[in-house]
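Structure first, commentary second.
The values are calculated or read from the model by the stated rules, or taken from the named source; none is laboratory data. What you are looking at is a predicted structure, and each value in this text was computed from that prediction instead of being measured. Methodologically, a virtual Cβ is constructed for each residue, glycine included, from the backbone with ideal geometry; neighbour enumeration extends over all protein chains shown. Each accessible area value is taken on the protein alone, full model and side chains, heavy atoms only, with ligands, DNA and RNA left out. Shrake-Rupley method; radii C 1.70, N 1.55, O 1.52, S 1.80 Å.
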Amino acid sequence: MNVAYEKLDNVRGKLTVTIEENDYADKVKAQLKEIRKSQAVPGFRPGKAPASMIEKKYGDAVKYDVVNKEIGNALFGYIRENKLHVLGNPVPAETNNFDLQNKDFTLEFTVGLAPEIDTHVNKDLHVPFYTIEVSDKMVDDQDTNMRRRLGKQEPGEVADDTAVIKGVITELDENGEPKAEGIVVENGIISPNYFRSEDQKKLFANCKVGDVVRFNPAATCNANPTEMSSMLNIDKADVDSHKGDFNFEVKEIIVLKPAELGEEYYKQVFGPETEIKTEEEYRQALRNMIATALVSDSNYRFTIDAREAIQKAVGNLELPDEILKEFLRTQNESLNDENIEAEYEAARPHLQWELIRDAIGEQLDVNVTNEDVLNTARMMARQQFAQYGMANVGDEIVDKYANDILKDKKAAENIYGQTRDMKLYAAIKEAVTCDDKNVTVEEFNALFTPAELGADAAEEAKEMDHE
């Protein structure tokens with residue numbers, strides 16, 4: 001068997017496969033022998049039918065399958081051994097003559113080739129890198145959130161935005177009087193801060209034990225049946241009959257008392273090994289915590305700007321368009337002559353970026369190991385624990401949770417993709433020139449408005465949406 005290669009142009013090549021009878025004859029005989037053993041032929045005991053009869057009945061089909069398989073193995077073996085970067089599938093020439101009466105075959109195939117790519121990823125390429133400034137307000141907000149998270153609920157005299165208010169809820173008639181046979185909830189509980197109506201929320205601002213507040217339960221939740229039935233202790237089917245006003249007689253107010261500053265609190269926030277002892281040190285630690293968290297946002301923005309800068313520098317790639325269109329057809333039965341052009345034009349930018357990305361990975365020697373993937377899973381696990389206020393979870397628990405995540409095949413594939421992109425963009429950041437820019441959080445957020453995002457960056461944002 002022989003395979004010859006000829007490069008036709010920048011993005012197409014021709015593979016010619018020549019297969020002779022002695023390349024496949026023994027395999028055809030072996031398969032026919034197995035068929036003879038297994039197939040029942042009327043008038044003969046199993047395995048005793050004449051070989052000529054088996055060959056006559058099955059010979060052409062077996063020859064077709066064997067020769068096809070040998071040609072395929074030869075094609076893809078040559079591609080693999082010679083490291084041809086092929087796009088799509090080999091396309092057989094229309095002039096191929098695959099007549100089973102022949103003993104020898106010479107078949108031609110056109111293959112699409114990935115173009116040579118100058119990635120322009122070097123120090124001549126400038127990409128902005130935005131560092132978000134940590135404002136005093138951000139530190140104040142973080143302090144408030146942390147102290148509330150670790151605070152305690154206790155009775156209060158006046159309702160604030162943390163208050164849970166208990167009391168008697170009484171339905172009113174159109175005159176504002178208790179409604180005859182109306183709803184009365186003796187042990188009513190509300191949390192005004194979660195009301196969807198600001199007007200209803202304001203009715204309970206600074207209320208005290210003993211106050212009677214007139215409010216509208218339906219207005220607090222946009223008449224959501226589940227929320228109304230819970231608040232008024234009625235069936236969901238009955239809520240439409242009770243959308244009028246109610247009185248709330250305040251019997252008890254529970255407020256959240258924020259945790260007090262001190263060494264015990266500092267250890268809760270930063271771990272038992274922390275050396276923070278003063279409020280000044282605490283605020284600086286919060287500032288550092290916020291800055292560290294914001295690095296991921298800065299890096300995310302860098303992925304958008306870097307991709308946009310690289311694509312602009314590379315320009316439009318020459319691709320084997322017709323071969324790729326044919327490949328798309330094989331992947332999607334709904335594609336035809338009428339819609340293939342639009343589908344291919346929609347898919348082309350993504351394919352082009354994949355080729356550029358692979359070229360950059362090869363240029364910068366970016367490789368992803370199992371340990372890299374596990375580290376990403378660990379990071380995700382810690383982030384999930386942190387969302388529930390568990391900032392100091394032990395390594396053993398984190399590792400167990402990370403390994404559990406990776407047992408899911410789809411999750412593992414997504415994490416691999418995230419890991420690959422993180423390593424790729426980290427390498428790009430080192431290879432290009434980063435133009436450092438300090439911005440406020442408002443200025444940074446404005447970068448993500450449609451006016452600031454180009455089409456390529458918008459696509460990147462969609463793909464990289466924290467995966």
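Regarding TYR78, is this residue among the aromatic types (Phe, Trp, Tyr), over 31 Å from the mean Cα position of the chain (by Cα) and open to solvent by less than 60 Å² (accessible area, probe 1.4 Å)? Here the answer is yes, as TYR78 does meet what is asked. The condition (being surrounded by 13 or more Cβ atoms within 10 Å (Cβ to Cβ), in contact with a helix residue (DSSP H, G or I) (Cβ under 6 Å, 6 or more places away or on another chain) and closer than 22 Å to GLU21 by Cβ) is satisfied by just one residue among LYS57, LYS63: LYS63. Considering GLY88, GLY47, the condition of being touching a residue at least 12 places away in the same chain (Cβ under 8 Å) and either farther than 30 Å from ARG301 by Cα or touching a helix residue (DSSP H, G or I) at 6+ places or on another chain (Cβ under 8 Å) (or both) is satisfied by GLY88 alone. Every listed requirement among (1) in contact with a helix residue (DSSP H, G or I) (Cβ under 7 Å, 6 or more places away or on another chain); (2) of a type in the set (S, T, N, Q); (3) surrounded by 13 or more Cβ atoms within 10 Å (Cβ to Cβ) is met by ASN224 save one, (1). Is there a residue in the range 18-34 that is assigned to a strand (DSSP E or B) and either open to solvent by 30 Å² or more (accessible area, probe 1.4 Å) or more than 15 Å from THR106 (Cβ to Cβ) (or both)? Within the range 18-34, one or more residues are assigned to a strand (DSSP E or B) and either open to solvent by 30 Å² or more (accessible area, probe 1.4 Å) or more than 15 Å from THR106 (Cβ to Cβ) (or both).
Within the range 40-54, is even one residue open to solvent by less than 80 Å² (accessible area, probe 1.4 Å), assigned to a helix (DSSP H, G or I), in contact with a Phe, Trp or Tyr (Cβ under 8 Å, 6 or more places away or on another chain) and not acidic (Asp, Glu)? Scanning the range 40-54 turns up no residue that is open to solvent by less than 80 Å² (accessible area, probe 1.4 Å), assigned to a helix (DSSP H, G or I), in contact with a Phe, Trp or Tyr (Cβ under 8 Å, 6 or more places away or on another chain) and not acidic (Asp, Glu).
Of all the listed residues (ASP358, ASP399), the sole one being over 29 Å from GLY271 (Cβ atoms) and of a type in the set (D, E, K, R) is ASP358. Within the range 140-172, if we keep just the residues that are of a type in the set (Val, Ile, Thr) and crowded, with 19+ Cβ neighbours inside 10 Å, the residue that is farthest from VAL269 (Cα to Cα) turns out to be THR170.
For beta carbons closer than 6 Å, sequence separation of 6+ or different chains, a first residue in the range 175-194 that is more than 24 Å from VAL164 (Cβ to Cβ) and a second that is open to solvent by less than 90 Å² (accessible area, probe 1.4 Å), the qualifying pairs are PRO178/THR170; LYS179/GLU171; LYS179/LEU172; LYS179/ASP173; GLY182/GLU171. Being open to solvent by 60 Å² or more (accessible area, probe 1.4 Å), closer than 23 Å to PRO178 by Cα and assigned to a loop (DSSP other than H, G, I, E, B): is that true of LYS243 here? Here the answer is yes, as LYS243 does meet what is asked. None of ASP421, ASP435 is more than 18 Å from LEU294 (Cα to Cα), open to solvent by less than 90 Å² (accessible area, probe 1.4 Å) and either without any contact (Cβ under 8 Å) to a residue 12 or more places away in the chain or of a type outside the set (S, T, N, Q) (or both) except ASP421. Here the condition is being part of a helix (DSSP H, G or I) and closer than 30 Å to LYS152 by Cβ; of GLU249, GLU227, GLU186, it holds for GLU227 alone. Taking the stated definitions as given, is ILE276 open to solvent by less than 80 Å² (accessible area, probe 1.4 Å) and touching a residue at least 24 places away in the same chain (Cβ under 8 Å)? The answer is no for ILE276.
Tallying residues that are in contact (Cβ under 8 Å) with a residue 24 or more places away in the chain and in contact with a helix residue (DSSP H, G or I) (Cβ under 7 Å, 6 or more places away or on another chain) within the range 229-259 yields 8.
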